[in-house]
Amino acid sequence: MTDTPSELDATQAALAAEHAAVYGYGVVGARIAEDRAGEADEAHTAHRARRDALHRAVRDLGGDPVASAAAYELPFEVADGEAAVRLAAELESRLAGAYAELVRATEGEARRDAAAALSEAAVRAARWRGAGTPFPGLAEYDMEGSR
């Protein structure tokens, strides 16, 4: 079984994932079909709020919050609305992984917040894909809990 990251490290990783998601949703918003633009805008707003909350959490833990990159490499070309939907689903899946790690590393209110964020990411990913996945955020784990 892998070591559980420290609360600060897991919070920094979730913050970094939210920075990437905010950037990615900018791309999604530019390419998404009009009928899903509202959904993309809501997700973008939610991720900015989560990013800001994680920034504060890192500071509260005594850390220096990781800065966002000027740009992020996308996992594939996003030239149209269909690709934008795939990107949104991928962003949410990646966030679910980061929040699963944060759940493992925290307790109390911080764990409840991380679990809520994991749930929100899983629901968004399922909406974008049209189907859910078992154990969202934990796809990289085998049945014994190791990577």
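A quick yes/no check of all residues on (1) in a helix (DSSP H, G or I); (2) open to solvent by less than 60 Å² (accessible area, probe 1.4 Å); (3) over 16 Å from V22 (Cβ atoms); (4) in contact with a helix residue (DSSP H, G or I) (Cβ under 6 Å, 6 or more places away or on another chain):
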position: D64; (1), (2), (3), (4): no, no, yes, no
position: S68; (1), (2), (3), (4): no, no, no, yes
position: E73; (1), (2), (3), (4): no, no, no, no
position: A79; (1), (2), (3), (4): no, no, yes, no
position: A84; (1), (2), (3), (4): yes, yes, no, yes
position: L87; (1), (2), (3), (4): yes, yes, no, yes
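Does any residue of region 89-98 turn out to be of a type in the set (S, T, N, Q) and out of contact with any His (no Cβ under 7 Å at 6 or more places or on another chain)?
Residues of region 89-98 of a type in the set (S, T, N, Q): 93.
Filter again for out of contact with any His (no Cβ under 7 Å at 6 or more places or on another chain), leaving 93.
Scanning region 89-98, I find at least one residue that is of a type in the set (S, T, N, Q) and out of contact with any His (no Cβ under 7 Å at 6 or more places or on another chain), so the answer is yes.
Within region 3-47, being more than 11 Å from the chain's Cα centre (by Cα) and within 25 Å of E109 (Cβ to Cβ) holds for D3, T4, P5, S6, E7, L8, D9, A10, T11, Q12, E42, T45.
Results for (1) of a type in the set (K, R); (2) assigned to a helix (DSSP H, G or I); (3) buried (at least 17 other Cβ atoms within 10 Å of the Cβ), shown as yes or no for each residue.
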residue: Y25; (1), (2), (3): no, yes, yes
residue: A37; (1), (2), (3): no, yes, no
residue: A40; (1), (2), (3): no, yes, yes
residue: H44; (1), (2), (3): no, yes, yes
residue: H47; (1), (2), (3): no, yes, yes
residue: R59; (1), (2), (3): yes, yes, no
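Test of understanding: among D35, D52, D60, which residue is closer than 19 Å to G130 by Cα and among the acidic types (D, E)?
Values: D52 fails: closer than 19 Å to G130 by Cα; D60 fails: closer than 19 Å to G130 by Cα.
Exactly one residue qualifies, and that residue is D35.
The values are calculated or read from the model by the stated rules, or taken from the named source; none is laboratory data. All values derive from a computational prediction rather than experimental measurement. A quick note on method: Cβ atoms are made from the backbone with ideal geometry, for glycine too, and the neighbour counts reach across all protein chains shown. Heads up: the accessible areas ignore ligands, DNA and RNA and are worked out on the full protein's heavy atoms, side chains in. Shrake-Rupley method; radii C 1.70, N 1.55, O 1.52, S 1.80 Å.
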